[in-house]
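Report on the following structure.
Computed from the coordinates by the stated procedures, all read-outs in this text should not be read as laboratory data. Note that the structure is predicted; figures quoted are calculated from it, not measured. Cβ: placed from backbone, ideal geometry, glycine included. Neighbour counts: every protein chain shown.
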Amino acid sequence: MRSEKDKMLAGELYRADSPELIDDNRRISAWMERLNATGATPEARLELMREAFGYVGRGVVIRPPFHCDYGYNISLGDGVFLNFNCIILDVVAVTIGDGTQIGPGVQILTADHPRDPAQRRQMLEFGRPVSIGRNVWIGGGAIILPGVMIGDDAIIGARSVVTRDVPAEGTAVGNPARLRP
């Protein structure tokens, strides 16, 4: 019998109210309080990120407040910058490449829900990974939906809702985000 956490990590249907996942969420909630503390230095924040995230490169900066579901599914390359009030729902992998800059209020979402109402009534959910390449710029308030891949050197306009993959060097804007010619 596989645990709900094992199912979650595999991107399968799972229930988030399992004791193991509740404990993981309590742990990351306490961690976020420390990360978001106003007195924490950038160096202390970097050490905290390395404590909770799957991978943290050199020179990563997160300006608090920051929020996530579990932390251990987040990988941040060298020089990644997340501005104030970013949210990463990391029920599965979120990978952000070197030098990517993310504006304030950006949401990166891997959590998804079944389209079948009977499955939703059972409180089932699943995740689809998000991959963001190197040197990407994501404008403030953008929302990156589950399963999206954004290529290297792409630009995502402020307040855009990204529902589809964005190729390398592409610029996507709007709701839903569309590629600019």
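Which residue fluctuates most in the GNM of the chain (Cα springs below 10 Å): A118, A40, A158?
Maximum among the listed residues: A118.
Using the Cα centre as the reference, give the magnitude of the dipole from point charges on the C-beta atoms of the range 47-181 (Lys, Arg: +1; Asp, Glu: -1; all else neutral), rounded to the nearest 20 debye.
Computed about the Cα centre, the dipole is about 420 debye.
Hey, what do the phi angles of the range 120-136 turn into as Karplus ³J(HN,Hα) couplings, whole Hz, using 6.51/-1.76/1.60 and θ = phi - 60°, x for Gly and Pro?
5, 4, 7, 6, 7, 8, 7, x, 10, x, 10, 10, 10, x, 7, 6, 8
If amide H atoms are built 1.01 Å from N in the plane of the peptide, which residues on other chains or at least 5 residues away come under 5 Å of the amide H of G71?
Residues meeting the criterion, in which the H sits 1.01 Å from N, are D90.
Please list, in chain and number order, the residues 5+ apart from I62 or on another chain whose amide H is under 5 Å from its amide H, with Hs placed from the backbone.
Those qualifying (amide H under 5 Å, at least 5 residues apart or on another chain) are L82.
Would you mind checking which residues have amide H under 5 Å from T171's amide H? H placed 1.01 Å from N; only 5 or more apart, or other chain.
I155, R180
Between P42, P64, P114, where does the largest GNM mean-square fluctuation fall for the chain, given springs only between Cα atoms within less than 10 Å?
P114
For D17 and S3 in the same chain, what is the full-extension length gain: residue separation times 0.36 nm, less their Cα-Cα distance, in nm?
So the extension gain works out to 3.9 nm.
Within the set of other residues whose C-beta is less than 15 Å from the C-beta of R134, count the net charge using Lys and Arg as +1 and Asp and Glu as -1.
Net local charge, R134 excluded: -4.
Residue by residue, what Karplus-based ³J(HN,Hα) values in Hz, rounded to whole numbers, does the range 152-165 have, using 6.51, -1.76 and 1.60 with θ = phi - 60° and x for Gly and Pro?
3, 6, 7, 10, 10, x, 4, 6, 6, 10, 8, 9, 9, 4
Just flag the trypsin sites (Lys or Arg not before Pro) in the range 1-65 sitting in loop per DSSP whose Cβ has no more than 12 other Cβ atoms within 10 Å.
R2, R58
How many angstrom lie between the Cα centre of the range 142-168 and the Cα centre of the range 1-40?
When both Cα centres are located, 25 Å separates them.
Provide the per-residue ³J(HN,Hα) series for the range 17-30, in order, calculated from phi with Karplus coefficients 6.51, -1.76, 1.60 and θ = phi - 60°, each as a whole number of Hz, with x at glycine and proline positions.
Going residue by residue, I get 8, 6, x, 5, 6, 4, 5, 4, 5, 4, 4, 6, 5, 5 Hz, with x marking Gly and Pro.
If we count every other residue with Cβ under 12 angstrom of G157's Cβ, Lys/Arg +1 and Asp/Glu -1, where does the sum land?
+3
Contact order normalised by length for the range 14-100, with contacts defined as Cα pairs under 8 Å and 6 or more residues apart; what percent is it?
24 percent
Of all trypsin sites (Lys or Arg not before Pro) in the range 93-181, which ones are in loop regions per DSSP and have a Cβ with at most 15 other Cβ atoms within 10 Å?
Filter output for the range 93-181: R115, R164.
If I stretch the segment between V61 and E169 completely, what's the gain in nm (0.36 nm per residue apart, minus their alpha carbon distance), one decimal?
Full-extension gain reported as 36.5 nm.
First select every other residue whose beta carbon is under 11 angstrom from the beta carbon of V80; then total the charges, Lys and Arg +1, Asp and Glu -1.
0
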